[in-house]
Amino acid sequence: MIIVMEVGAESHEIEAVIARVEALGYMSHPIRGVLRTVIGAVGDERGKAELQAMEAMSGVERVVPILRPYKLASRAFKDEPSTVSVGDVRIGGLQIVVIAGPCAVESRELLMEAAGVVKSAGAHCLRGGAFKPRSSPYTFQGMGEEGLQILAEARQVMGLPIVTEVMTESQIEMVARYADVLQVGARNVQNFSLLKELGKVNKPILLKRGMSTTIKEYLMSAEYILSEGNDQIILCERGIRTFETSTRNTLDLNAVPVLKEETHLPVLVDPSHGTGHSQLVPAMAKAAVAAGADGLLIEVHPRPEEAYSDGAQSLKPTAFALLMSELKSFAQAAGRHL
Ligand code: PEP
Ligand code: MN
């Protein structure tokens, strides 16, 4: 339910509504807008008649149900787009934010080199996995905490915020100590206990869509994080599994305008995992901007042929720099800037 307060409702009236919502056993999520405050009441909806009766309280204009299964993620709860701040970078505003870097942190030298490459081409954040969810247990699994330390050093040297994956609940504390944004990978999108714990973290979460999650299921995953109190969520379409084999995944660009309609959360696109082939990345990156994405996640490697993972889809430094310069006019045509 959403409790819409009257324009000019007094703060004691707002506080009384919040107290009542909580006394009824719901979590309250107030949004204090310029004109008015709305309060989301989220929880087991069996007692919703009592919430509806709150329409009689002083300062309340109306109580409306949220019809979507996702509540806090829905446009009904919050119509204006949300922005997520990562250092000086704001995701979800007019800027197209580019997060770039290698699939994995492979060594200090490699990461520093890659960080220099993406920074000089104009990327806004540096990515790199220290914990890698690999299909085979016999392949490189990531450098772990040492990888996180290298990322933190790169942030210090380059001044770029860092985005890195957290795979388990037990890693959260450690990853949150080093990272600016915690990434949840496609394979963990429905790991509900991980999502609930991330809802208690005061850091942005980059939640990637699963390879077989519907958009509704995806937004329910975001809802798990939101319902625990963390509203700093960035969504990312990264391709879904279909019958098509000429690409690694089928990049579902439909998801961008659909998500924009359904949710206020910012939406990124990952054309690297979405295609699996570096030569296809520039076209899909431009298409993502045209579709209304708020930013891009792109794998870049100084020498893709030597990469421990995802070399085939990683852009070389020159290709990335060219893409960044080409994206400027695409961003402008979409009413955005890079
Ligand atoms: C990644 O970003 O390197 C990654 C593993 O992505 P996904 O979870 O989308 O496969
Ligand atoms: Mn990868």
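The values are calculated or read from the model by the stated rules, or taken from the named source; none is laboratory data. Because the structure is a prediction, the values reported are computed rather than measured. Here Cβ is always computed from backbone atoms with ideal geometry, including for glycine, and neighbour counts include all displayed protein chains.
Of all the numbered requirements in (1) under 15 Å from the mean Cα position of the chain (by Cα); (2) more than 17 Å from TYR70 (Cβ to Cβ); (3) away from ligand 1 (no atom under 16 Å from the Cβ), ALA186 misses one, and that requirement is (3). Filtered by the rule that a residue be over 20 Å from ILE205 (Cα atoms) and either without any contact (Cβ under 8 Å) to a residue 40 or more places away in the chain or aliphatic (A, V, I, L, M) (or both), region 253-270 gives LEU253, ASN254, PRO257, VAL258. Sub-8 Å Cβ pairs linking a first residue in region 271-296 that is on the phi > 0 side of the Ramachandran plot and charged (D, E, K, R) to a second residue that is within 16 Å of ligand 2 (Cβ to nearest atom) and in a helix (DSSP H, G or I), at least 6 apart or interchain, number zero. Using the structure shown, decide if VAL269 is over 16 Å from the mean Cα position of the chain (by Cα), under 23 Å from GLY128 (Cα atoms) and buried (at least 24 other Cβ atoms within 10 Å of the Cβ). In short, no. Scanning region 121-132 for residues that are more than 11 Å from ligand 2 (Cβ to nearest atom) and either closer than 18 Å to ASN188 by Cα or more than 23 Å from the chain's Cα centre (by Cα) (or both) gives ALA130, PHE131. Against the definition (acidic (Asp, Glu) and more than 16 Å from ligand 2 (Cβ to nearest atom)), how does GLU106 come out, yes or no? It is false that GLU106 is acidic (Asp, Glu) and more than 16 Å from ligand 2 (Cβ to nearest atom). Within region 305-321, restricting attention to residues that are of a type in the set (Gly, Ala, Ser) and surrounded by 17 or more Cβ atoms within 10 Å (Cβ to Cβ), which residue is nearest to ligand 2 (Cβ to nearest atom)? It comes out as SER309. Does region 231-265 hold any residues that are within 15 Å of ligand 1 (Cβ to nearest atom) and either surrounded by 23 or more Cβ atoms within 10 Å (Cβ to Cβ) or within 12 Å of the chain's Cα centre (by Cα) (or both), and which are they? Those that are within 15 Å of ligand 1 (Cβ to nearest atom) and either surrounded by 23 or more Cβ atoms within 10 Å (Cβ to Cβ) or within 12 Å of the chain's Cα centre (by Cα) (or both): ILE234, LEU235, CYS236, GLU237, ARG238, GLY239, LEU251, ALA255.
Filtered by the rule that a residue be in a loop (DSSP other than H, G, I, E, B) and loosely packed, with under 15 Cβ neighbours inside 10 Å, region 209-229 gives SER212, THR214, GLY229. Criterion first (surrounded by fewer than 18 Cβ atoms within 10 Å (Cβ to Cβ), under 20 Å from GLY229 (Cα atoms), within 18 Å of the chain's Cα centre (by Cα) and modelled with pLDDT of 95 or more) does SER85 satisfy it? Yes, satisfied.
Of the residues examined, LEU207 is one that is touching a residue at least 24 places away in the same chain (Cβ under 8 Å), in the same structural domain as THR164 (by TED's automatic domain parsing) and under 27 Å from VAL42 (Cβ atoms). Of the helices (runs of 4 or more DSSP H) lying entirely inside region 259-338, those containing at least 2 residues that are aliphatic (A, V, I, L, M) and farther than 30 Å from GLN141 by Cα span 281-291, 317-333.
Taking the numbered list (1) within 18 Å of ALA307 (Cβ to Cβ); (2) more than 17 Å from the chain's Cα centre (by Cα) in turn, MET54 passes all entries but (1). Restricting the search to strands (runs of 3 or more DSSP E) fully inside region 32-138 and requiring at least 2 residues that are within 16 Å of ligand 1 (Cβ to nearest atom) and either assigned by TED's automatic domain parsing to the domain that holds TYR308 or touching a residue at least 60 places away in the same chain (Cβ under 8 Å) (or both) gives 97-101, 125-127. Look at SER135 and say whether it is of a type in the set (Ser, Thr, Tyr) and either buried (at least 23 other Cβ atoms within 10 Å of the Cβ) or within 14 Å of ligand 2 (Cβ to nearest atom) (or both). Against the criterion (of a type in the set (Ser, Thr, Tyr) and either buried (at least 23 other Cβ atoms within 10 Å of the Cβ) or within 14 Å of ligand 2 (Cβ to nearest atom) (or both)), SER135 qualifies. Here VAL300 passes the criteria (1) over 24 Å from the mean Cα position of the chain (by Cα); (2) within 15 Å of ligand 2 (Cβ to nearest atom) except the one numbered (1).
With respect to the conditions (1) touching a residue at least 60 places away in the same chain (Cβ under 8 Å); (2) surrounded by fewer than 23 Cβ atoms within 10 Å (Cβ to Cβ); (3) within 15 Å of ligand 1 (Cβ to nearest atom), HIS301 falls short on a single one, namely (2).
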